[in-house]
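First comes the structure, then the notes that go with it.
The values are calculated or read from the model by the stated rules, or taken from the named source; none is laboratory data. In this text the structure is predicted, and so the values were computed from the model without any measurement. Cβ coordinates were reconstructed from backbone atoms using ideal geometry, including for glycine residues, and neighbour counts include every protein chain displayed. When the accessible area is computed, the model is the full protein with side chains, heavy atoms only, and any ligands, DNA or RNA have been set aside. Shrake-Rupley method; radii C 1.70, N 1.55, O 1.52, S 1.80 Å.
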Amino acid sequence: MPASQPNTLSKRASKAGEYDVVIVGAGFAGMYMLHRLRGLGLSARVFEQGSDVGGTWYWNRYPGARCDVESMQYSYSFSDELQQEWEWSERYAPQPEILRYANHVADRFDLRSDIQFDTRVERAVFDERARDWSVTTSDGKTVRAQFVVLATGCLSNARMPDFKGLADFTGEVYHTGHWPHEPVDFTGKRVAVIGTGSSGIQSIPIIAEQASQLTVFQRTANFSVPARNAPLSAEERDFFRANYDEIRRMAREEMRNGIYQELPEKGALEETPEQRQARYGARWEKGGLTFTATYNNIALDKAANDTAADFVRDRIAEIVDDPEVAKLLQPNDHPIGSKRICVDTDYYATYNRPNVTLVDVKADPIEEILPNGLKAGGKVHAFDALVLATGFDAMTGSVAKIDIRGRGGRTLNEKWAAGPRTYLGLMSEGFPNLFIITGPGSPSVLSNMIVSIEQHVDWIADCLDYMRASGLDCMEASRAAEDSWVDHVNEVARDTLFPQANSWYMGANIPGKPRIFMPYIGGVGVYRQICNDVAAKGYEGFAMSEAAPVQRAAASS
Ligand code: FAD
Ligand code: NAP
């Protein structure tokens, strides 16, 4: 920054309870945001409701939890030393290892001293006169900050279903997204799992090995592909380490979902059934999320999509011995990939075990939880422990739990009552100086999240640096820019098969939540370019201003 420029942002560095930036959440987003802000010489305070860092990987400790983007890519890229030195053990690292990695990052970059754990942010109110935020936390304290960054996570608000009688169940109840820190041993127990999304599909095979009896309650069958997880060889690690610059660049700029992979050149219907079978077969054997990238039109063309869906349905019929069970496990109500595809280890084969039963609760909905089981379709199922793999109030759930008040005292929940509205997923009009990391309207959950997190953090940090250098202290998305971005996000989604599914991307898993396709599906490369162009044009679509002298004086008195 030129010495002559007013340093408006760091004026709060020296005052107790005043910060340039408050960051909410200490997952991968909050941690990296703190690191970048420190590098700019800004004062920042992170509040985290959990007792340690890691976010998703702190909370989701259920058996079988691991990433579904390969670890050599599901990792920070901002420090070459870090990516060269960290030794991932498996293709998809298990949760304890990812949590160790988060802790390593916190220690290596000395982050903990600016993070206050066991503290929820309850309220954030914008002061239009002082042009800053007052942030109230669960310890009853209020701090002031010129900027607030919501690093609250897209899948951080575990959803407890409102089953009648749940509170009266006398056995153990667990939610996959809120798993205890102490080991849970199901040995010899009759266990029930409700939910067959990614969390259920990862945990069911492991629980089945321990439990005397496992009953899985499935409402909607999901598509799952084998992970083919395995220890990483030294050669595999070395390949990434030697080529990280190019691999990361391609993931950021050329891939739609931030995952470096082999890109398809053809549409599914351009090949013969035999050729398709061979290609799908090869991807199936390779394992992992890239199955739906076998062809370039699976997300766009229903007939093309059907060929991939049929392939998976056929594999399910092959793996599962009982044809009735196989039929129940075959998804038939949504295009493959329009709900997050699951990546599993032995999921379908688990239903061949004699101690595992699948119950269809679409045909026979759960009526109530009983003290020792549940009743569905008039039938009682008895068990000792209940695992709720029922998912999250995704993308907006954790933000909605904070009482956020912007201009004129309007709450963000009021503004988003008909669905979230943002400009670039980064800011919402009427809420100045409030950033959201991987918010609705950005590629976010459709991508390798660490790629999207780093992009947002870097953009926000660069923006604050620009404001400081330009003597600006207030920034807000304009209504027009936001409206046209929301239109664009909807329009791009409409051209795909995604809105056809009742997915959490659409808010469809939460009763009463508006049905809006929340993430931006234009691809991370395209999106990054749009964000960069906006910045290059002096943050086009954002109103930026300098505090008037009288306001500045009032603010600092
Ligand atoms: P989070 O990790 O969710 O962290 C947000 C933090 O904010 C949490 O610790 C929360 O406690 C805190 N917080 C929220 N509200 C408040 C408040 N009011 N006050 C204080 N603290 C608050 N993505 C991938 O790309 N690849 C994967 O393989 C992958 N696997 C996943 C597996 C599971 C089981 C789940 C649930 C998600 C997975 N995801 C994956 C998505 C994952 O959420 C992101 O990859 C990433 O970890 C998100 O980081 P974050 O910092 O944005 O949010
Ligand atoms: P989810 O995909 O939303 O799945 C929730 C499951 O619970 C669904 O099967 C749902 O059925 C069922 N359910 C919810 N309420 C129910 C009710 N009242 N009665 C019966 N069934 C009910 O949640 P998730 O599995 O936790 O996954 C969420 C996301 O987190 C994933 O999509 C993924 O992005 C991420 N994740 C990733 C991994 C990984 O592999 N790395 C692992 C876990 C999670 P319906 O479909 O019928 O609603």
Are there any pairs, at least 6 apart or on different chains, whose C-beta atoms fall under 7 Å, with the first in segment 417-438 and not assigned by TED's automatic domain parsing to the domain that holds CYS474 and the second buried (at least 23 other Cβ atoms within 10 Å of the Cβ) and of a type in the set (S, T, N, Q), and if so, which? none
Yes or no: GLN95 within 12 Å of ligand 1 (Cβ to nearest atom), modelled with pLDDT of 95 or more and buried (at least 16 other Cβ atoms within 10 Å of the Cβ)? yes
Here the qualifying pairs (Cβ atoms under 8 Å; residues six or more apart or on different chains; first in segment 201-218 and within 14 Å of ligand 1 (Cβ to nearest atom); second among the basic types (Lys, Arg)) come out as GLN202/ARG66
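Quick grid of which residues meet (1) closer than 26 Å to GLU253 by Cα; (2) in contact with a Lys or Arg (Cβ under 8 Å, 6 or more places away or on another chain); (3) among the polar types (S, T, N, Q):
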residue: SER398; (1), (2), (3): no, no, yes
residue: VAL445; (1), (2), (3): yes, yes, no
residue: VAL457; (1), (2), (3): yes, yes, no
residue: ALA469; (1), (2), (3): no, no, no
residue: ASP473; (1), (2), (3): no, yes, no
residue: TYR505; (1), (2), (3): yes, yes, no
Does at least one position in segment 380-389 carry a residue that is outside any strand (DSSP E or B), within 30 Å of VAL184 (Cα to Cα) and among the small types (Gly, Ala, Ser)? yes
Leading residue by the ranking (farthest from ligand 2 (Cβ to nearest atom)) among those in segment 397-412 that are in a loop (DSSP other than H, G, I, E, B) and open to solvent by less than 20 Å² (accessible area, probe 1.4 Å): GLY406
The correct count of residues that are open to solvent by less than 30 Å² (accessible area, probe 1.4 Å) and away from ligand 2 (no atom under 14 Å from the Cβ) in segment 326-335 is 2
Residues that are within 16 Å of ligand 2 (Cβ to nearest atom), part of a helix (DSSP H, G or I) and of a type in the set (S, T, N, Q), drawn from segment 481-530: GLN500
Filter segment 343-379 for residues that are among the polar types (S, T, N, Q) and not in a strand (DSSP E or B) and give the result. THR345, THR350, ASN352, ASN355, ASN372
Would you confirm whether any residue within segment 250-268 is in a loop (DSSP other than H, G, I, E, B), closer than 19 Å to ILE194 by Cα and within 14 Å of ligand 2 (Cβ to nearest atom)? no
Are any of the residues in segment 206-228 open to solvent by 60 Å² or more (accessible area, probe 1.4 Å), touching a Pro at 6+ places or on another chain (Cβ under 9 Å), at pLDDT 95 or above and over 29 Å from ALA65 (Cα atoms)? no
Pairs, please: C-beta under 9 Å, at least 6 apart or cross-chain, first residue within 13 Å of ASN157 (Cα to Cα) and not assigned by TED's automatic domain parsing to the domain that holds TYR466 and in segment 38-60, second more than 16 Å from ligand 2 (Cβ to nearest atom) and in a loop (DSSP other than H, G, I, E, B)? none
Would you say GLN73 is open to solvent by less than 50 Å² (accessible area, probe 1.4 Å) and not in a loop (DSSP other than H, G, I, E, B)? no
Spot the failing condition for GLU81; the list is (1) modelled with pLDDT of 95 or more; (2) open to solvent by 40 Å² or more (accessible area, probe 1.4 Å); (3) assigned to a loop (DSSP other than H, G, I, E, B), and only one is missed. (3)
Among the residues of segment 187-194, are any in contact with a Gly (Cβ under 7 Å, 6 or more places away or on another chain) and either hydroxyl-bearing (Ser, Thr, Tyr) or closer than 16 Å to ALA385 by Cβ (or both)? yes
Scan segment 175-189 residue by residue and report those that are within 14 Å of ligand 1 (Cβ to nearest atom) and open to solvent by less than 60 Å² (accessible area, probe 1.4 Å). HIS175, THR176, GLY177, TRP179
Taking GLN73 and the conditions (1) within 15 Å of ligand 2 (Cβ to nearest atom); (2) over 18 Å from the mean Cα position of the chain (by Cα); (3) farther than 23 Å from HIS178 by Cβ, which numbered condition does it fall short on, given that it satisfies the others? (2)
Go through segment 219-239 and give me each residue that's more than 16 Å from ligand 1 (Cβ to nearest atom) and either assigned to a helix (DSSP H, G or I) or in contact with a helix residue (DSSP H, G or I) (Cβ under 9 Å, 6 or more places away or on another chain) (or both). ALA221, PHE223, ALA234, GLU235, GLU236, ARG237, ASP238, PHE239
With the structure loaded, tell me whether ALA192 is open to solvent by 40 Å² or more (accessible area, probe 1.4 Å) and over 25 Å from GLU90 (Cβ atoms) or whether it fails that test. no
Mind listing just one residue for me: the one in segment 482-508 that is buried (at least 19 other Cβ atoms within 10 Å of the Cβ) and within 19 Å of VAL534 (Cβ to Cβ) and, of those, nearest to the chain's Cα centre (by Cα)? VAL489
Based on what the data block shows, is GLU285 in a helix (DSSP H, G or I), open to solvent by 70 Å² or more (accessible area, probe 1.4 Å) and out of contact with any strand residue (DSSP E or B) (no Cβ under 9 Å at 6 or more places or on another chain)? no
Report, by residue number, each residue of segment 414-463 that is hydroxyl-bearing (Ser, Thr, Tyr) and part of a helix (DSSP H, G or I). SER444, SER452
Restricting attention to segment 423-436, does a residue exist that is open to solvent by less than 10 Å² (accessible area, probe 1.4 Å), within 29 Å of ARG249 (Cβ to Cβ) and touching a Gly at 6+ places or on another chain (Cβ under 6 Å)? yes
Residue selected from segment 340-392 under the condition closer than 30 Å to PRO443 by Cβ and either at pLDDT below 95 or open to solvent by 40 Å² or more (accessible area, probe 1.4 Å) (or both), by the criterion nearest to ligand 1 (Cβ to nearest atom): ARG340
